[in-house]
């Protein structure tokens, strides 16, 4: 996902529930794991340099009996991952736009939407 789209959700959840220490060390830890995955993928690319690498890699690395199944599963899992990423990105953008509209409509510090009648106490 885009760093600009995911940073809003990452920062608000991380800071709210873990604090700045969790956000910083979480970022470092995830960066290390991402680098390890990138290095593994680079090793595969150097061994099997082809276009459509994911499918070819799954075909070449799977046992002979399961090669077609591995390619099929790779394609569907990749497609589902793309759909989930797009949905998560759209959700974050929607929350961001809704927050901007609320801020523009009510203004900062305006609590008129929390009137006594809406809270159920009179």
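The values are calculated or read from the model by the stated rules, or taken from the named source; none is laboratory data. Note that this is a predicted model, so its numbers are computed, not measured. Glycine also receives a Cβ, built like all others from the backbone with ideal geometry; neighbour counts cover every protein chain displayed.
One table, with the values for the structure above:
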| read-out | value |
| --- | --- |
| The lone exception for residue 68 - which of (1) farther than 30 Å from residue 96 by Cβ; (2) within 19 Å of the chain's Cα centre (by Cα) it fails | (2) |
| Considering residues of segment 102-122 that are assigned to a helix (DSSP H, G or I) and surrounded by 10 or more Cβ atoms within 10 Å (Cβ to Cβ) only, the residue modelled with the lowest pLDDT | 106 |
| Verdict on residue 78 being at pLDDT 85 or above and assigned to a helix (DSSP H, G or I) | yes |
